[in-house]
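The block underneath contains the structure these notes are about, expressed in structure tokens.
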Amino acid sequence: MNSTIERFGYPGALIAGYPHWVVLLRPEQPTLGSLVIAATSDERAFSALPAAAFAELGRVVSDVESALARTIAYEKINYLMLMMVDPHVHFHVIPRYAGVRQLNGLAIADHGWPKAPQLAPAIALDEGTRADLVQRLKDAWA
């Protein structure tokens, strides 16, 4: 795995793996269920990915949306390709909702709703809550 994937918590944050992509729980949660979809290659430009990665991305996105719908009940979803600090191809997936979503007594609001997502303030989950959310998402995977 590339350094970007490792920085986002692989292997503990791994929810699903595909030949060209991995889906990870985002370490900081601006909204509950925020994820990272990261290319497993060392490519640093989206356009440099092989055609098979683009073809597979449709399945990954469909699986992400299905699992998040069952787990978080989001109202909208944002995909952000920022790649400012972490150089390898990846997207931040931010489920959007009015109000709050709760997990293990922790309430996480979507502070930007209904406008652009606010990545700060984001909640860093404790180890138990992070592991629980990873497992819930794995269980909801298609």
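Things worth noting here:
- Ellipticity estimate at 222 nm from DSSP helix runs (n ≥ 4, -39,500 (n - 2.57)) divided over the chain, nearest 500: -9000 deg cm²/dmol
- Cα-centred dipole magnitude for the range 96-141, charges only on beta-carbon of K, R (+1) and D, E (-1), debye, nearest 20: 220 debye
- Cα centre as origin, Lys/Arg/Asp/Glu Cβ charges: the chain dipole, Debye: 300 debye
- For the range 18-71, pairs of C-alpha atoms spaced more than 13 angstrom apart make up 61 percent of the total.
- Cα lying deepest toward the dipole's positive end in the chain, options PHE91, PRO50, THR71, charges on Cβ: THR71
- Sites matching GluC sites (Glu not before Pro) across the range 17-120 that sit in DSSP coil, with at most 15 neighbouring C-beta atoms within 10 Å: GLU75
- With Cα atoms, 0 to 90° folded angle of helix 127-140 axis to the chain main axis: 70 degrees
- Take every Cα pair under 8 Å whose residues are at least 6 apart in sequence, average their separation, divide by the length of the range 3-134, and the relative contact order is 28 percent.
Here, each number is a calculation from the coordinates, and none is a lab measurement. Note that the structure is a prediction, hence the values are computed from the model and not measured. No Cβ is skipped: glycine too gets one built from the backbone with ideal geometry, and neighbour counts run over all protein chains shown.
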